Amino acid sequence: MAHSTRTASLTIDGKTYELPIYSPTAGPDVIDITKLYAQAGVFTHDPGFTSTSACDSAITFIDGDKGELMHRGYPIDQLAEKSHYLEVCYLLLYGELPSAAELETFETTITRHTMIHEQMHNFFRGFRRDAHPMATMVGVVGAMSAFYHDSTDITDERQREIASHRLIAKMPTIAAMAYKYSIGQPFVYPRNDLDYASNFLRMCFAVPAEEYVVDPILARAMDRIFTLHADHEQNASTSTVRLASSSGANPFACIAAGIACLWGPAHGGANQACLEMLKEIGHPDRIPEFIARAKDKNDPFRLMGFGHRVYKNFDPRATVMKKSADEVLDLLGVENNPLLQIAKELERIAVNDDYFIEKKLFPNVDFYSGIILEAMGFPTSMFTPIFAVSRTVGWISQWKEQLADPAMKIGRPRQLYMGATARDYVEIENR
Ligand code: CMC
C-alpha cells in the first residue's frame, strides 16, 4: 500500500473525518475509505465502480485521456511491435522482461503443458454441436478443477505457479477443441515444435487428412491479437476473477468466472457484435442511418467497437489493430475487403461527429479485430473465445498478485437499500 502524507476531510452532520490520500506511481490520487463505515457509519455509493479503486496493482496502467496502455511500464505499441505474446505473458506474470534463458525455460514449460487430460474430451462431447464455444469454454475450464487436483491449493506457491502455466498453456487447446467440436471435425492435438500462435492456428484449421502449414504472417498477426488483449487492468472480467478468488476459490473456477463475464457484448463479446454490425450495415451508404440510431436516446442500439469506460481518446490497441488489418488483408489478397471499407468509413464519420466527439467515443480494440479474425477464417463465434485465450494471462497475473497481497479480503460490496422495510407475512388466503 502507498504511504499517505495527505488527508481528505469529510464532514457529515458537523463531524469531520480525515481520510488518507495515497499517491500512485501513475494516475490520479485515491482516497482510502476502508475505515469510513467503522468511524462514521456511512457507506459510499458507486454503481459500476466509476470512481472506486478496489486494489493495489503493479501490473497494467491505462491513461485513458492520453490513450496510453502500459504493461509493467512498457507501452503496448512497443510490445506489439518488438515483443511477442509469451514474452508479454512472462512480463505480466513475473514483473520483468525475461533474459534469453528465462524465456526459453518459460516457453518450454508452457509448450509442455498444452495437452489436456484425455478424459476431458468427454466434456466436449456432452455439449450440443451448436453450443457457443464460450459456453463450452466456461464449462470445460471450470471442470479443470476436477482434473488437476495437484494445482488447486491456493496457499501453496508452487501449485499456484503450476495452475498459472496450465491455464495459459491449455486455453488455446480448449478454445480450438470447442471450435472443432462445433463444426464436427476431429480434435487436433497440439504440437511442441510450433510457437504459441502457430500451434493455435494449426489446432483450429488442420485436419488429419492433410498437412497444414502455418503462414508465418498469419501467425504473427495472431500473436499480435493475443498480445494486444493480454491484460487491461481492473476491467469487468478481471474484477470478476479477483472477486471469485477473494473467497478462496480455486484458480480454474476463478478463470471460468472471468470467461463468463467476458462473454457479454459490452465487454469481450463486442468483437463478435461489431462484425455482425458491420455486416448488417452492408454498404457505406447505410452508415448515416446507423450513426443516427446510435445517437437516438430512444434506440438501444450502440456502435459496437466504439467507446470505453477508461479511454476517452483513441484506444492504442485499436491503432495497432487497424494497421494489422491492412497487413493481413493485403497478404490474403483481400485488401478491398468490403467490411474493412465500411469500418474505415464508419470510423471517419463517427470521429468527426459532434455526438461522438462530445462523449469522447473512439474505436476500441474490438473495432478492427473481428475483420482480421474473419479474414483468417474464424467464424464470429470464435472471436470472444480468442479474446479469452489472450486475456487468460492477465486474469492469472492479477489473481496471483491478489493472493500475494497481505491486504486481501473477501470482496463484499455494500448497497443502498431502497426496498420495503420490515412488514408481517400475510397468509395466502388474505392477499
Ligand atoms: N455508441 C453510442 N453511444 C455510446 C456508445 C456507443 N458505442 N458508448 C457509449 N455511448 C454513450 C452512452 O449512450 C452515454 O450517453 P449519455 O451520457 O447521453 O447517456 C455515454 O456515451 C456514456 O456511456 P456509458 O454507457 O455511460 O459508458 P460506460 O463507461 O458505462 O460504457 C462501454 C463503456 C464500452 C460499455 C460502452 O462504450 C459501450 O457499450 N460500447 C459498445 C460495446 C463495446 O465496444 N465494448 C468493448 C469495450 S473494449 C473491449 C473490452 O474491454 O472488452
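Here Gln402 fulfils each of the conditions (1) on the phi < 0 side of the Ramachandran plot; (2) within 11 Å of the ligand (Cβ to nearest atom) apart from (2). In the range 276-290, the qualifying residues are those that are without any contact (Cβ under 8 Å) to a residue 12 or more places away in the chain and farther than 21 Å from Ala375 by Cβ, and the one that is nearest to the ligand (Cβ to nearest atom) is Glu289. Within the option set Ala209, Ala273, Ala175, Ala266, being at pLDDT 95 or above and under 18 Å from the mean Cα position of the chain (by Cα) holds for one residue only, Ala175. Evaluated against (1) touching a helix residue (DSSP H, G or I) at 6+ places or on another chain (Cβ under 7 Å); (2) in contact (Cβ under 8 Å) with a residue 12 or more places away in the chain; (3) of a type outside the set (D, E, K, R); (4) more than 21 Å from Val141 (Cβ to Cβ), His267 falls short on exactly one condition, (4). Among the residues in the range 379-392, are any within 16 Å of the ligand (Cβ to nearest atom) and small (Gly, Ala, Ser)? Yes. Would you be able to tell me the number of residues in the range 127-147 that are under 18 Å from Asn199 (Cβ atoms) and surrounded by fewer than 16 Cβ atoms within 10 Å (Cβ to Cβ)? The number of residues fulfilling the criteria is 0.
The set of residues in the range 323-340 that are open to solvent by 30 Å² or more (accessible area, probe 1.4 Å) and either among the hydrophobic types (A, V, I, L, M, F, W, C) or under 14 Å from Ser369 (Cα atoms) (or both) comprises Lys323, Asp326, Glu327, Leu331, Leu332, Val334. When the range 250-268 is limited to residues that are within 16 Å of the ligand (Cβ to nearest atom) and open to solvent by 10 Å² or more (accessible area, probe 1.4 Å), the one that is farthest from Met304 (Cα to Cα) turns out to be Ala257.
If you check Arg302, Arg317, Arg293 for being surrounded by 15 or more Cβ atoms within 10 Å (Cβ to Cβ), within 14 Å of the ligand (Cβ to nearest atom) and free of Cβ contacts under 8 Å to residues at least 24 places away in the same chain, only one passes: Arg302. Among the residues of the range 62-84, is any open to solvent by 70 Å² or more (accessible area, probe 1.4 Å), more than 20 Å from Met321 (Cβ to Cβ) and either assigned to a loop (DSSP other than H, G, I, E, B) or among the aliphatic types (A, V, I, L, M) (or both)? Yes, some residue in the range 62-84 is open to solvent by 70 Å² or more (accessible area, probe 1.4 Å), more than 20 Å from Met321 (Cβ to Cβ) and either assigned to a loop (DSSP other than H, G, I, E, B) or among the aliphatic types (A, V, I, L, M) (or both). Note on the range 9-52: residues that are part of a loop (DSSP other than H, G, I, E, B), in contact (Cβ under 8 Å) with a residue 60 or more places away in the chain and surrounded by 13 or more Cβ atoms within 10 Å (Cβ to Cβ) amount to 1.
Yes or no, residue by residue, for (1) under 25 Å from Leu92 (Cβ atoms); (2) open to solvent by less than 30 Å² (accessible area, probe 1.4 Å):
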| site | (1), (2) |
| --- | --- |
| His149 | no, no |
| Arg158 | yes, no |
| Ala175 | yes, yes |
| Ala178 | yes, yes |
| Phe187 | no, no |
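Residues of the range 214-235 that are at pLDDT 95 or above and open to solvent by 40 Å² or more (accessible area, probe 1.4 Å): Glu233, Gln234.
Considering only the range 114-126, I want to know if a residue exists there that is of a type in the set (Lys, Arg), open to solvent by 80 Å² or more (accessible area, probe 1.4 Å), out of contact with any strand residue (DSSP E or B) (no Cβ under 7 Å at 6 or more places or on another chain) and assigned to a loop (DSSP other than H, G, I, E, B). No: zero hits. Restricting attention to the range 54-78, the residues being over 18 Å from the mean Cα position of the chain (by Cα) and within 16 Å of the ligand (Cβ to nearest atom) number 1. Failed condition for Val365, given (1) at negative phi; (2) open to solvent by 30 Å² or more (accessible area, probe 1.4 Å), with all others met? In the conditions (1) at negative phi; (2) open to solvent by 30 Å² or more (accessible area, probe 1.4 Å), Val365 misses (2) alone. Would you confirm whether or not the range 192-212 contains a residue that is in a helix (DSSP H, G or I), touching a residue at least 60 places away in the same chain (Cβ under 8 Å), of a type outside the set (A, V, I, L, M) and under 29 Å from Asp56 (Cβ atoms)? Checked the range 192-212: no residue is in a helix (DSSP H, G or I), touching a residue at least 60 places away in the same chain (Cβ under 8 Å), of a type outside the set (A, V, I, L, M) and under 29 Å from Asp56 (Cβ atoms).
The values are calculated or read from the model by the stated rules, or taken from the named source; none is laboratory data. Everything numeric here is computed off the predicted structure, so don't read it as measured data. All Cβ positions, glycine included, derive from the backbone under ideal geometry; neighbour counts span all protein chains shown. Keep in mind that these areas ignore ligands, DNA and RNA; they rest on the heavy atoms of the full protein, side chains included. Shrake-Rupley method; radii C 1.70, N 1.55, O 1.52, S 1.80 Å.
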